[in-house]
Amino acid sequence: MKRILLLMLMAIVLTACGNEDSSGGEKSAEENENQNASQESEEPEQTEESQQEKTDASEIIEEAIAEWGDTSSYEARQTFTISSEDTQNVVRTITTQSEQDEVKVEVDNGSAISSHYIIDGDHFIYEDGNISEEEKDVDMSGSTYGEIITSLEAFKEGDASKTDEGYKIEFPVKSAEEVSVFLNDEVLNSLDNAESLNGLVTVTLNDEYQYTGGKLTLTVESEGREINMISNLGITRIGEIDVLEKPKNM
């Protein structure tokens, strides 16, 4: 199922903390007063700097798993763009997972829109008002919100920082293997003969440790051509979807 989700369904959390300094010895009342005044004027800046220094991707991921590891449902909206020279392809998807382990993936490839439903392991496709059932079974593993968060342990070495909305982590990409868990088979196959690859994964989290969005940029050199891939993702309705809305007769 994680292949249907296309690129990056990731989660990240940030824990910021500061240290308090203590010192021994006796000081005069005047020295203590001057020191306290100095600490009061400098404390906000020191606290902010200390929090920034203590931002750690590993702690973020562990906190995210602890807070949201048991959550199933979410809605993810993604735009995936591949461009090379004068060619550009854009695919937009809306993935909805319910608390009943039902999944819907709506795919817009620019020329047609189809909806894929995974219900009790069965795969249905709804297109142009018609429903068809695929014979091939679908692996549902890795599709829940909690499982997506757990898969982010591969990014523990990333660079995490505080933002106004919450937190973010950036992870430089130098090989397809580093993000292979978030790429579908078609994209992975296109990277087999790449001469070089580099990019950046950025994921964001709100102040409740919910993963709310992310971006992946890749530049690939293959057979003398430069291929650019960009994925933008936003996640909402976390833990709020009890049952999927389905077409009639499904």
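For segment 110-126, filtering for residues that are surrounded by 13 or more Cβ atoms within 10 Å (Cβ to Cβ) and either hydrophobic (A, V, I, L, M, F, W, C) or within 27 Å of MET229 (Cα to Cα) (or both) leaves 9. Residue count for segment 171-186 under the criterion of being crowded, with 16+ Cβ neighbours inside 10 Å and at pLDDT 85 or above: the result is 2. One residue stands out among those in segment 211-242 that are surrounded by 17 or more Cβ atoms within 10 Å (Cβ to Cβ) and of a type in the set (Val, Ile, Thr): the one that is farthest from THR150 (Cα to Cα), which is ILE227.
Report the residue count in segment 73-90 for those that are aromatic (Phe, Trp, Tyr) and closer than 19 Å to ILE118 by Cα. First the steps, then the outcome.
Here is the first cut: in segment 73-90, the residues aromatic (Phe, Trp, Tyr) are 74, 80.
Add one more test, that the residue is closer than 19 Å to ILE118 by Cα, and what stays is 74.
Count: 1.
Restricting to segment 130-152, name every residue that is open to solvent by less than 90 Å² (accessible area, probe 1.4 Å) and either among the basic types (Lys, Arg) or under 14 Å from the mean Cα position of the chain (by Cα) (or both). Full working, then the answer.
The initial filter retains those residues of segment 130-152 that are open to solvent by less than 90 Å² (accessible area, probe 1.4 Å), namely 131-132, 134, 138, 140-152.
Hits for segment 130-152 are GLY142, SER143, THR144, TYR145, GLY146, GLU147, ILE148, ILE149, THR150, SER151, LEU152.
Among the residues making up segment 126-162, those that are assigned to a strand (DSSP E or B) and closer than 19 Å to GLU67 by Cβ are ALA160, LYS162. When segment 78-105 is limited to residues that are among the polar types (S, T, N, Q) and open to solvent by 40 Å² or more (accessible area, probe 1.4 Å), the one that is farthest from THR236 (Cα to Cα) turns out to be THR87. The lone criterion from (1) exposed (fewer than 13 other Cβ atoms within 10 Å of the Cβ); (2) without any contact (Cβ under 8 Å) to a residue 40 or more places away in the chain; (3) out of contact with any Leu (no Cβ under 7 Å at 6 or more places or on another chain) left unmet by GLU208 is number (2).
The values are calculated or read from the model by the stated rules, or taken from the named source; none is laboratory data. Because the structure is a prediction, the values reported are computed rather than measured. All Cβ positions, even for glycine, are placed from backbone atoms using ideal geometry, and neighbour counts span all protein chains on display. In case anyone asks, the SASA skips ligands and DNA or RNA and just uses the protein heavy atoms, side chains included. Shrake-Rupley method; radii C 1.70, N 1.55, O 1.52, S 1.80 Å.
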